[in-house]
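Participant: After the structure tokens below, expect a handful of questions from me.
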Amino acid sequence: MKILHIITGLGPGGAESMLKRLILSDPSTLSDKIVVSLTALEVIGKELCAQGVEVHAMEMSSVLGFPGKFFQLCKLIKQSKPDIIQTWMYHADLLGGLAARLSGFKNIIWGIRIQSVPANNPKTVLVVKISALLSRWIPKKILCVAESAREEHIKYGYDAERMVVVHNGFDFSHFTVSQAQKSVLREECGFSSEDFVVGWLGRFHSEKGQENFIKAAKIVSVKYPKTKFLLIGRRCNAENATLMGWLTDVGLQDQFVLLGERRDAPVCLAIMDLFCMPSSNEGFPNALGEAMASGLPCVATEVGDAAVLASDTVIMVPPENEQALAEGMLKIMALSREQRLQMGEHSKAWVMSEFSIDTSRQRFEAVYLAMLADC
């Protein structure tokens, strides 16, 4: 079964990471997978290439060059002759779906990866409106990462009959971290063995909630002034003037460590004592699942299908509410070390039993096989 995946880009992100996990979860089928990035190769594209996956970068970054690049995409689809074309994220759904249809292919699957459309991005809003109209013609199926995403996109006008929920899965083999790795990174961050570290892992974006996290951290630091806070992700660094301004406003510059973008998430999670997800918009939050798989006690906002992922193992709080977020953190910090460890182990056992990448791959494959059976 030959699958052609089309995705907007291959930088470090939730959809991109899930695509990588899905493809690499069955090494015996790598030769049957082709990945097309509408933009650049980027870090995940390079990682897939290193594993022997065929990856193409269309470099659709110029308006003037777009027609030629779109023609090249159509040509690539015709030459590849896939059984199924699966697209990931809004722009890839629209452009990849149109290219597939114009190339004569009908076994098209769209992918919705977030709960709701970013209202502050008018270009994306327009793409979603057009896609909603075309959702009855282009895709045979629309795979939603979360039930909340399915429900929200039905409101936008997407065809409910074509929508199926398939949650992300995690590769738990990467979450074993040595004491030496932890010690090196803690030393790099300037943490002592007595420091209590609260962390969040996500790219800098209004929907990822860094500002809310900082406001909540200020409340927490009043009761626990020696708490250390850790931010990891693209643009979470000292060069980000907006982020530094927020820290200056609350006077927490000395309590925050900003590591920026890294490729060793399991090690970064392993040096935390508590994981805090402050997002205002998620589909099925990868970072929360990874923190749970690392055995961390977690507090998270009730966005997307975070509550489905967390079950009863995580403290859930309303989004965009720094007081509630702080109270969630303080509740965990008030526990004994043994109680926090027990809470983390409960989370780990739950996520490993319900959300493995193998289980997720089987659900994707069930959709593929059903589609081919209908041809």
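Participant: Give the residues of segment 141-161 that are outside any helix (DSSP H, G or I), out of contact with any strand residue (DSSP E or B) (no Cβ under 6 Å at 6 or more places or on another chain) and of a type outside the set (S, T, Y), sorted by residue number.
Facilitator: V145, A146, G157, D159
Participant: Another question, if that's okay. Within segment 188-220, count every residue that is closer than 20 Å to R340 by Cβ and open to solvent by 80 Å² or more (accessible area, probe 1.4 Å).
Facilitator: Of the residues in that region, 2 qualify.
Participant: Right, next: May I ask you to verify whether V164 is assigned to a strand (DSSP E or B), of a type in the set (A, V, I, L, M, F, W, C) and either open to solvent by 40 Å² or more (accessible area, probe 1.4 Å) or out of contact with any helix residue (DSSP H, G or I) (no Cβ under 9 Å at 6 or more places or on another chain) (or both)?
Facilitator: Details: assigned to a strand (DSSP E or B): yes; of a type in the set (A, V, I, L, M, F, W, C): yes; either open to solvent by 40 Å² or more (accessible area, probe 1.4 Å) or out of contact with any helix residue (DSSP H, G or I) (no Cβ under 9 Å at 6 or more places or on another chain) (or both): yes.
So V164 passes the test.
Participant: Among the listed residues I108, I85, identify the single one that is in contact with a Pro (Cβ under 6 Å, 6 or more places away or on another chain) and touching a residue at least 12 places away in the same chain (Cβ under 8 Å). Explain how you work it out, then say what you get.
Facilitator: Numbers: I85 fails: in contact with a Pro (Cβ under 6 Å, 6 or more places away or on another chain).
That would be I108, the only listed residue that is in contact with a Pro (Cβ under 6 Å, 6 or more places away or on another chain) and touching a residue at least 12 places away in the same chain (Cβ under 8 Å).
Participant: Sort out for me the helices (runs of 4 or more DSSP H) sitting completely within segment 304-375 that have 1 or more residues that are open to solvent by less than 10 Å² (accessible area, probe 1.4 Å) and under 30 Å from E161 (Cα atoms). First the steps, then the outcome.
Facilitator: Values: elements: 306-310, 322-333, 337-354, 357-373.
Ranges flagged: 306-310, 337-354, 357-373.
Participant: If you go through segment 73-114 one residue at a time, how many are of a type in the set (S, T, Y), assigned to a helix (DSSP H, G or I) and within 19 Å of S31 (Cα to Cα)? Outline the logic, then answer.
Facilitator: Initially, segment 73-114 is screened for residues of a type in the set (S, T, Y), giving 80, 87, 90, 103.
Still in the running and assigned to a helix (DSSP H, G or I): 80, 90.
The next check asks that each one be within 19 Å of S31 (Cα to Cα); those that pass are 80.
The total comes to 1.
Participant: Additional query: When you go through (1) open to solvent by 10 Å² or more (accessible area, probe 1.4 Å); (2) part of a helix (DSSP H, G or I) one by one for L185, which number turns out not to apply?
Facilitator: (1) is the only condition that L185 fails.
Participant: Same structure again: Determine which single condition E261 fails, assuming it passes every other condition in (1) within 25 Å of E42 (Cα to Cα); (2) at pLDDT 95 or above.
Facilitator: Here E261 meets the rest and fails (2).
Participant: Just one of A180, A119 is open to solvent by 60 Å² or more (accessible area, probe 1.4 Å), outside any loop (DSSP other than H, G, I, E, B) and free of Cβ contacts under 8 Å to residues at least 40 places away in the same chain; which is it?
Facilitator: Working: A119 fails: outside any loop (DSSP other than H, G, I, E, B).
One residue alone meets the criteria, A180.
Participant: Quick one: how many residues across segment 9-24 are assigned to a loop (DSSP other than H, G, I, E, B) and open to solvent by less than 30 Å² (accessible area, probe 1.4 Å)?
Facilitator: Let us first name the residues in segment 9-24 that are assigned to a loop (DSSP other than H, G, I, E, B), namely 9-13.
Still in the running and open to solvent by less than 30 Å² (accessible area, probe 1.4 Å): 9-11, 13.
Count: 4.
Participant: Can you confirm whether C268 is under 29 Å from H174 (Cβ atoms), in contact with a strand residue (DSSP E or B) (Cβ under 8 Å, 6 or more places away or on another chain) and either among the small types (G, A, S) or not in a loop (DSSP other than H, G, I, E, B) (or both)?
Facilitator: Numbers: under 29 Å from H174 (Cβ atoms): yes; in contact with a strand residue (DSSP E or B) (Cβ under 8 Å, 6 or more places away or on another chain): yes; either among the small types (G, A, S) or not in a loop (DSSP other than H, G, I, E, B) (or both): yes.
Against the criterion (under 29 Å from H174 (Cβ atoms), in contact with a strand residue (DSSP E or B) (Cβ under 8 Å, 6 or more places away or on another chain) and either among the small types (G, A, S) or not in a loop (DSSP other than H, G, I, E, B) (or both)), C268 qualifies.
The values are calculated or read from the model by the stated rules, or taken from the named source; none is laboratory data. The model shown is predicted, which means the values in this text are computed figures rather than measured ones. Note: ideal-geometry Cβ built from the backbone for every residue, glycine included; neighbour counts use all protein chains shown. Each accessible area value is taken on the protein alone, full model and side chains, heavy atoms only, with ligands, DNA and RNA left out. Shrake-Rupley method; radii C 1.70, N 1.55, O 1.52, S 1.80 Å.
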